[in-house]
Amino acid sequence: MNPDRAPYAGLSPDTVLDAVDASGLLGDGRLLALNSYENRVYQVGLDDGGFVVAKFYRPDRWSAAAIQEEHDFCAELVEAELPVVAPLVFDGCTLLRHAGFRYALYPRRGGRAPSLESHDHLAWMGRLLARMHGIGARTSFRHRQRFDRAHLVEQPSRAALASGLLPVHLEAPYRDVIVRLDAGVAARFEAASPVRNLRLHGDCHPGNILWTDAGPHFVDLDDARNGPAIQDLWMLAEDEQAMRVMLEGYAEFGDLDPSELHLIPALRAMRQAHHAGWIAQRWDDPAFPAAFPYAAEPRWWQEHIDDLNQAADALA
């Protein structure tokens with residue numbers, strides 16, 4: 001079997017359990033697959049009654065150096081007493097290997113989604129993100145991608161066109177709207193330049209924040225990249241008032257260049273373009289047709305093109 005078409009074909013339950021045992025922990029056989037598409041993530045029971053979360057990285061997505069940068073960033077944030085779920089350390093290592101897979105083990109942390117209607121929650125998130133960005137600004141990732149047009153518009157659109165999912169009669173309209181969208185994104189970044197790039201969470205949506213009675217904690221820095229600070233705020237703000245509240249909290253610990261607010265339509269458009277291309281690029285992974293069956297329907301691609309046209313109009 002071609003590993004590129006089924007990258008997790010060899011990741012059996014026994015392999016997962018053996019990988020946990022290989023770390024020096026002792027599993028008890030309890031195994032629960034958690035919701036994840038890019039990687040494979042499992043809750044694994046331990047002999048002492050506890051749990052760990054085992055994350056198996058998609059082969060060839062990130063280099064080992066890039067994964068280590070994510071882990072080191074997590075450790076830096078934890079050292080600064082930020083609430084981040086960081087990988088466990090075994091003999092000085094966080095990135096482990098077993099049966100051809102790279103993986104990491106995390107403590108299990110529960111919680112609920114944040115209440116984005118709550119001013120307190122929004123201001124709290126603003127303060128935390130300002131502290132995270134203060135640490136993120138100390139240096140840059142050297143091995144991880146940036147939030148730029150090459151990685152979030154050009155590459156995903158090429159994947160969509162090459163996938164066979166995009167109906168032939170929609171290829172020309174799709175190419176046209178990608179050109180318009182890319183030009184609009186470029187213009188927004190040029191107008192806001194120079195844009196300060198720093199290490200970010202990168203995928204800071206409500207699903208990657210868990211709230212407990214003690215407050216929030218961040219999970220899943222798998223998409224950590226260099227980019228503008230506003231990238232970590234806009235997905236949490238449902239409207240302009242919510243953004244104002246977050247920025248008030250942010251201002252207690254950091255400064256945000258107001259010009260970055262004009263990047264939000266560009267970042268939103270880039271995320272839209274990337275999402276479709278990501279599905280197309282991963283279509284050979286059996287998990288993707290099962291999770292996103294609508295991506296095989298011409299109607300969905302027409303709606304996607306319509307959405308991109310609206311985004312391009314907004315950028316203009």
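The values are calculated or read from the model by the stated rules, or taken from the named source; none is laboratory data. It should be emphasised that the depicted structure is a prediction, and the values quoted were computed from it without experimental measurement. Neighbour counts run over all protein chains shown; Cβ positions are idealised from the backbone, glycine included.
Tell me, yes or no, whether the stretch 66-86 has at least one residue that is touching a Cys at 6+ places or on another chain (Cβ under 6 Å) and at pLDDT 95 or above.
Checked against the condition, which is being touching a Cys at 6+ places or on another chain (Cβ under 6 Å) and at pLDDT 95 or above, the stretch 66-86 yields at least one hit.
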- [ ] Go through Gln231, Gln241 for me and flag whichever is of a type in the set (S, T, N, Q), assigned by TED's automatic domain parsing to the domain that holds His275 and under 17 Å from the mean Cα position of the chain (by Cα).
- [x] Gln231
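Pick from the stretch 66-115 the residues that are basic (Lys, Arg) and out of contact with any Gly (no Cβ under 8 Å at 6 or more places or on another chain): which of them is surrounded by the most Cβ atoms within 10 Å (Cβ to Cβ)? Give the derivation first.
Of the residues in the stretch 66-115, the ones basic (Lys, Arg) are 97, 102, 108-109, 112.
When the remaining residues are screened for being out of contact with any Gly (no Cβ under 8 Å at 6 or more places or on another chain), the result is 97, 102, 109, 112.
Values: Arg97: 12, Arg102: 19, Arg109: 14, Arg112: 11.
Selected residue: Arg102.
Against the condition in a helix (DSSP H, G or I) and either outside the structural domain of Ala296 (by TED's automatic domain parsing) or among the hydrophobic types (A, V, I, L, M, F, W, C) (or both), how does Leu221 come out, does it pass? Walk me through how you get there before you give the answer.
Details: in a helix (DSSP H, G or I): no; either outside the structural domain of Ala296 (by TED's automatic domain parsing) or among the hydrophobic types (A, V, I, L, M, F, W, C) (or both): yes.
So Leu221 does not fit the description; no.
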Open item on the list: Which of the helices (runs of 4 or more DSSP H) found entirely inside the stretch 257-316 contain at least 2 residues meeting this: surrounded by fewer than 14 Cβ atoms within 10 Å (Cβ to Cβ) and within 17 Å of the chain's Cα centre (by Cα)?
Closed with: none
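With the condition kept exactly as written, say whether any residue in the stretch 211-223 is within 22 Å of Ser118 (Cα to Cα), in contact with a Gly (Cβ under 6 Å, 6 or more places away or on another chain) and not charged (D, E, K, R).
yes
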TODO: Kindly indicate which of Ala269, Ala280, Ala296, Ala291 is in the same structural domain as Gly136 (by TED's automatic domain parsing), touching a residue at least 24 places away in the same chain (Cβ under 8 Å), among the hydrophobic types (A, V, I, L, M, F, W, C) and in contact with a Ser or Thr (Cβ under 9 Å, 6 or more places away or on another chain).
DONE: Ala280
TODO: Determine whether Gly207 is among the small types (Gly, Ala, Ser), loosely packed, with under 15 Cβ neighbours inside 10 Å, part of a helix (DSSP H, G or I) and outside the structural domain of Asp72 (by TED's automatic domain parsing).
DONE: yes
Open item on the list: Residues that are among the basic types (Lys, Arg) and touching a residue at least 60 places away in the same chain (Cβ under 8 Å): does the stretch 90-110 have at least one?
Closed with: yes
Open item on the list: Among the residues of the stretch 202-212, are any farther than 22 Å from Asn39 by Cα and of a type outside the set (Lys, Arg)?
Closed with: yes
Task: Members of the stretch 139-165 that are of a type in the set (Gly, Ala, Ser) and either surrounded by 14 or more Cβ atoms within 10 Å (Cβ to Cβ) or in a loop (DSSP other than H, G, I, E, B) (or both) - done: Ser140, Ser157, Ala159, Ala160, Ser163, Gly164
